[in-house]
Amino acid sequence: MLYYYAHSGHKIGLDSIKRGAALLKELQTQGVEARLLVNDFRAGLAAKEFGIRDSVTIETIQDIDLVAQISDSLIIDSPEDDRGRLQKYCIEYKTVFRFEQNSEDRPRYTETVLKLSCDDESSISSVIIDDIYFESCPKKERTLFFLGDADYDKIILSHKHFFEANPMELLLGHYFFVKYEDDLAKIFSKLYEPEEYTNLIRTSSRVVTASFQTALEAKASGAEVIYLKLDEKDKNISDYLTLNNINVIDNLDTKLYEKFERVDPKTHYLTKNVSIIARNIINKITF
């Protein structure tokens, strides 16, 4: 059995769930028995929207061994402090993979690190995009705003003047509270429910987001994409987005937003790669 542990929550959203769902579906297609581990019930419900019917809920990265058995394989998609558990997992499990946390991240034990920038043929990419986003479909002329599945600090509400100056349609996040949604309805002309995520990302002509995963999915779908850099993330992320003609601007700055030139939405280097990533993982498991 292979387990994919995807960390999510009110402060970090569901990017790991979207990656995990895409990869697990492909692994299962290629004959691997795989299971999603989540750390909150809502993430498990959201995973169903992305094609994962069943998942197991645990509390933290330290509880993986309550489910996984010796000789199983494990993929860790989480920024949590493992408090020494990673070494234990590398000893007990057949093969361990984890996503890099920054460009300086290197294997600590015997695990394989999935990387944003793969520098050799043996590397496994951390860029995982469901094949559905590469399928052609008609676009609707709209600017869709999706901050992410979480807005714990109410960033949108605190920048309402930005959205009043730049009208957009809002895709709500799974972790938004009902009262917060009522406040947002006063700012945006139209609100969409989180369950409409995949269809809206695929059919919107322009997408503005602070989610790295969403930026990639929207670009793969052929949209013009603007990524909002809300904190000092690894420069490697900004460089990768820019390489794929995704505009990156600091924060919700109206002047910067309005100055950005439109780029050819079809120009990018993203490719259908989830089957290749799954095959590379299988090769390491069966080696």
Requested in this report: Calculate, in whole percent, how much of the Cα-Cα pair population of the chain lies beyond 26 Å.
Outcome: 43 percent
Requested in this report: With an 8 Å cut-off on Cα pairs and a minimum separation of 6 or more residues, tell me the relative contact order of the chain in percent.
Outcome: 18 percent
Report task. Taking only Cα atoms and a 10 Å spring cutoff, compute GNM fluctuations for the chain and point out the largest among 97, 260, 188. Result -> 260
Query - On Cα atoms only, tilt of 274-286 relative to the major axis of the chain in degrees - result: 20 degrees
Query raised in the report: Mind checking which lysines have their C-alpha under 16 Å from residue 48, skipping anything on the same chain fewer than 8 residues away?
Result: 18, 25
Requested in this report: Determine the principal axes of the Cα atoms in segment 132-259, then give the extent along each, sorted from largest to smallest and rounded to whole angstroms.
Outcome: 37, 32, 26
Report summary line: Out of 101, 213, 30, a Gaussian network model of the chain with alpha-carbon springs under 10 Å gives the largest mean-square fluctuation to 30
Query - Over segment 101-242, relative contact order from alpha-carbon pairs under 8 Å, at least 6 apart, % - result: 25 percent
Report summary line: Between residue 251 and residue 66, Cβ-based FRET efficiency (R0 30 Å, step 0.05) works out to 0.15
Query raised in the report: Taking trypsin sites (Lys or Arg not before Pro) as exposed when DSSP calls them loop (any state but H, G, I, E, B) and at most 16 other Cβ atoms lie within 10 Å, what is the longest stretch of the chain free of them, the sites themselves excluded?
Result: 191-232
Report task. Using a 10 angstrom cutoff on alpha carbons, build the Gaussian network for the chain and name the most mobile of 171, 184, 216. Result -> 184
Query raised in the report: Using helices alone, what [θ] at 222 nm do you get for the chain, with -39,500 (n - 2.57) per DSSP H run of 4 or more residues, divided over all residues and rounded to the nearest 500?
Result: -9000 deg cm²/dmol
Requested in this report: Please count, across segment 132-259, the pairs of lysine residues with Cα atoms under 17 Å apart that sit 8 or more places apart or on different chains.
Outcome: 14
Query raised in the report: For segment 197-287, what is one quarter of the convex hull surface built on the Cα atoms, given in nm²?
Result: 7.2 nm²
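Here, each number is a calculation from the coordinates, and none is a lab measurement. Since we're looking at a predicted model, the values are computed, not measured. Neighbour counts run over all protein chains shown; Cβ positions are idealised from the backbone, glycine included.
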